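Here the structure is laid out as structure tokens; the discussion comes afterwards.
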Amino acid sequence: MRRALILLPLLLGSCSCQRDAEPEHALAASASAPAKAPIDVSAAASQGMTATTPPALSAVAPDAPSESITVRNYIYALLGKDRSASDAYWTGGRTSSRPDDAVLRSIPQLRSLRVDTESPIARDTAQPSRLREVPVRVRAITADGTFRYEGWYRLQPRPDGSGWEILSASLQPSLQ
């Protein structure tokens, strides 16, 4: 107990909890430094300079369909006979010779499709994200029965920023 009483004043005396006052030489330096003048944005603009704009909130135009709607529109376009309409959703306006979602494209006697999408996931560190992944569940009804698939579609902004385009996909058969 006696040792604790001896150590207590030592501990309290070395406490650095209080903020130290600025040294006198720092106060003198700050007093002699000129104050920064506020920037007049209108004057800078009239001289051809531009103010820094805040980062964009989206990588595509604000009125463009969302990533999920783009994926749904693409999958529903597969119901039509015109493959060029569905291919237009892919990067460059066409799929490869073996598209990543070939299983959906090759379903015979397709009668209907149901598409459930989840919230898009950013797959890059850019701000705003330029690579998004949309998780999907698809139910296809054919003359032979009902088939289910799960997977994702990865999208990137169109070169002109007018919307999203499909970059790749991965769909697997599901038992649910």
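Annotations for the structure displayed:
- Number of positions in segment 117-150 that are closer than 15 Å to Asp101 by Cα and either touching a residue at least 40 places away in the same chain (Cβ under 8 Å) or more than 24 Å from the chain's Cα centre (by Cα) (or both): 8
- Check on Thr95, polar (S, T, N, Q), surrounded by 12 or more Cβ atoms within 10 Å (Cβ to Cβ) and within 14 Å of Ser170 (Cα to Cα): yes
- Within segment 123-149, considering residues that are among the hydroxyl-bearing types (Ser, Thr, Tyr) and under 11 Å from Ser112 (Cβ atoms), the one least open to solvent (accessible area, probe 1.4 Å): Thr142
- Filtered residues of segment 112-154 (kept if more than 15 Å from Ser58 (Cα to Cα), hydrophobic (A, V, I, L, M, F, W, C) and part of a strand (DSSP E or B)): Leu113, Val115, Val134, Val136, Val138, Ala140, Ile141, Phe147, Trp152
The values are calculated or read from the model by the stated rules, or taken from the named source; none is laboratory data. The shown structure was predicted, so the numbers you read here are calculated from the model rather than taken from an experiment. All Cβ positions, even for glycine, are placed from backbone atoms using ideal geometry, and neighbour counts span all protein chains on display. Please note that ligands, DNA and RNA were not included when accessible areas were found on the heavy atoms of the full protein model with its side chains. Shrake-Rupley method; radii C 1.70, N 1.55, O 1.52, S 1.80 Å.
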